[in-house]
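Structure first, commentary second.
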Amino acid sequence: MRKPALSRRSFLQTSAAAAMVAGTGFHQLASAAESNSANELLDIACIGVQNRASANVSGVSGQNLVALCDIDDNYLNKAAGQYSKHKSNKYNDFRVLLDKEKNIDAVVVSTPDHTHAPASMWAMQLGKHVYCEKPMTHTVHEAREMTNFSVKNKLATQLGTQIHAGDNYRRVVEAVQAGAIGNMQHVDVWVGKGWGGGTVPTDKPPVPNNVHWDLWLGPAAYRDYSPVYMPAQWRRWWDFGGGTLGDMGCHYIDLVFWALKLKYPTKVSAEGPEPDAHTAPLGLTVNYEFPKTDVAPAITMKWRDGNHGPKEINGHKVPGSGVMFHGDKGMMLATYGNFTLLPEENFKDWKAPEQSIPNSIGHYEEWIKACKEGTPTTCSFDYSGPLTETVLLGNIAYRSGGPIEWDAASLKVTNNDSANQFIERKYREGWRI
């Protein structure tokens with residue numbers, strides 16, 4: 001059951017407001033104010049509670065679930081019943097939740113992509129720590145704003161790239177950085193899913209009584225309700241999601257970013273069917289160019305999804321989704337759960353480097369600990385922001401007819417002005433970041 005508000009919470013709320021004005025880190029104030037915070041439970045609000053969100057709610061359910069929010073009353077009531085011991089307050093509109101729940105410590109955002117930034121940013125502006133599902137945002141501009149704000153105000157943040165906490169990714173990073181396959185040349189990334197296709201519906205079925213459709217649309221331009229948008233199918237539609245690249249890019253490209261210490265690409269091009277104004281393609285190829293880092297020379301990375309996915313690479317059969325690192329001494333094929341050095345006969349005597357990256361205490365646990373103690377997370381927004389921008393730039397190159405040359409410092413495409421229309425979007429009245 002939720003504890004009554006403690007005196008420290010009043011202090012933290014006041015300190016958070018002061019920090020926003022003075023530019024002082026909220027978490028820095030919080031950490032200095034309370035030495036026993038690790039032994040207390042966080043008061044958390046969850047925005048989005050079913051489907052993908054259900055795992056996130058479960059992941060933080062060891063804390064106090066003070067408030068639950070969803071635009072679907074059936075989902076909301078189901079979650080409230082499942083976690084009845086928390087006696088959570090229920091909301092349909094996250095704006096109302098954030099206005100009323102003054103004493104919450106942190107927020108978990110698990111909505112469709114187009115409302116990630118409004119919910120997360122509003123929460124951070126109130127001094128709340130944030131866990132947000134991937135991709136971090138719907139637009140590049142939103143990603144940069146959230147990254148900068150979270151870093152400036154020292155808030156505990158984590159992107160929902162849960163596989164990052166797995167042991168295998170750590171062992172891949174160690175092996176790549178130890179030079180297992182020599183100097184890096186290029187990388188292939190592919191995912192067999194195909195979120196794309198579809199036409200704008202012309203019928204106007206009634207909105208189900210349990211669905212608050214206008215709240216689901218949030219900052220997106222108004223359109224009539226249709227079951228083709230929800231649940232899950234919103235990923236196909238540019239107004240709400242980013243197709244397969246938007247869905248899975250942060251999971252698989254994450255490994256490449258981590259291993260090679262990448263940040264922003266300089267050039268991006270894309271190949272696919274003629275772009276549709278409303279929906280993502282069923283298959284897409286994106287080519288990225290990255291500058292050198294302290295562990296890798298300048299490299300190229302090729303993303304393929306849907307019906308563009310490869311069956312084999314360099315004569316080696318590959319699974320439906322994965323990452324292939326190419327070095328001057330061989331290749332490394334990696335999936336979520338394992339990795340293989342290729343050609344295998346060349347690596348019979350290979351020994352893994354000594355473990356240097358500690359195993360994770362758990363993706364949610366990292367964030368909870370960070371909220372309480374100010375410790376780092378492995379997918380904080382300062383890491384996940386550039387990762388998200390990279391993913392979104394692939395869709396921008398495709399939709400604008402690319403290729404594009406990216407000036408990360410100015411947040412602008414320098415060679416193709418038509419692409420800049422996709423960097424930021426206009427919100428409906430009543431919505432903002």
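No value in this document is a laboratory result; all are computed from the given coordinates. Predicted model only: the values in this text are computed from it and were never measured. Don't worry about glycine lacking a Cβ; one is built from the backbone with ideal geometry, like all the others, and counts go over all protein chains shown.
Which net charge results when you count Lys and Arg as +1 and Asp and Glu as -1 among the other residues whose beta-carbon is under 11 Å from that of HIS138?
-3
Estimate the FRET efficiency between TYR222 and THR199 by the formula 1/(1 + (r/R0)^6), using the beta-carbon distance for r and 25 Å for R0, to the nearest 0.05.
The value I calculate is 0.85.
Once amide H atoms are placed 1.01 Å from N in the peptide plane, what residues at a sequence separation of 5 or more from ILE313, or on another chain, have their amide H within under 5 Å of its amide H?
Those lying under 5 Å, H to H, from ILE313 are VAL318.
Please work out how many pairs of lysine residues in the stretch 226-321 are eight or more positions apart (or on different chains) and have Cα atoms closer than 22 angstrom.
Summing the qualifying lysine pairs gives 9.
Taking amide H positions as placed in the peptide plane 1.01 Å from N, state which residues far from GLY283 in sequence (5 or more) or on other chains have amide H under 5 Å from it.
ASN307
Please say if the stretch 276-433 is rounded, prolate or oblate, where rounded means a/c under 1.5 for a ≥ b ≥ c the square roots of the C-alpha gyration tensor eigenvalues, and otherwise the choice is prolate for a/b larger than b/c and oblate otherwise?
Oblate.
For THR285, what is the net charge nearby, where nearby means another residue's Cβ is under 11 Å from its Cβ and Lys, Arg count +1, Asp, Glu -1?
Taking every Cβ under 11 Å from that of THR285, the sum is -1.
For n ≥ 4 DSSP H runs only, could you compute -39500 (n - 2.57) per run for the chain, divide by its residues and tell me the 222 nm figure to the nearest 500?
Result for the chain: -9500 deg cm²/dmol, rounded to the nearest 500.
Pick from THR157, THR300, THR199: which is most flexible by mean-square fluctuation in a GNM of the chain where alpha carbon atoms under 10 Å apart are linked?
The residue with the greatest mean-square fluctuation here is THR199.
Could you order peptides 269-282, 41-54, 81-94 by the average number of other Cβ atoms within 10 Å of their residues, highest first?
Highest-to-lowest ranking by the protection proxy: 41-54, 269-282, 81-94.
Using a cut-off of 12 Å between beta-carbons, work out the net charge of the residues near GLY194 (Lys and Arg +1, Asp and Glu -1, GLY194 not included).
Once all neighbours under 12 Å are counted, the net charge is +2.
Under a no-solvent Debye model with one identical scatterer per Cα of the chain, what's log10 I(q)/I(0) at q = 0.08, 0.10, 0.11, 0.14 Å⁻¹?
-0.45, -0.72, -0.86, -1.33
In sequence order, what are the phi-derived ³J(HN,Hα) couplings for the stretch 354-367 according to the Karplus relation 6.51 cos²θ - 1.76 cosθ + 1.60 with θ = phi - 60°, rounded to whole Hz, with x for glycine and proline?
4, 4, 10, 9, x, 5, 6, 7, x, 4, 6, 5, 4, 5
Place a +1 charge on the Cβ of each Lys and Arg in the chain and a -1 charge on the Cβ of each Asp and Glu, then give the dipole magnitude about the Cα centre in debye, rounded to the nearest 20.
That gives the chain a dipole magnitude of about 820 debye.
Among LYS193/LYS348; LYS78/LYS369; LYS90/LYS128; LYS134/LYS426, which pairs are too far apart, with a Cα-Cα distance over 25 Å?
Over 25 Å Cα-Cα: LYS193/LYS348; LYS78/LYS369.
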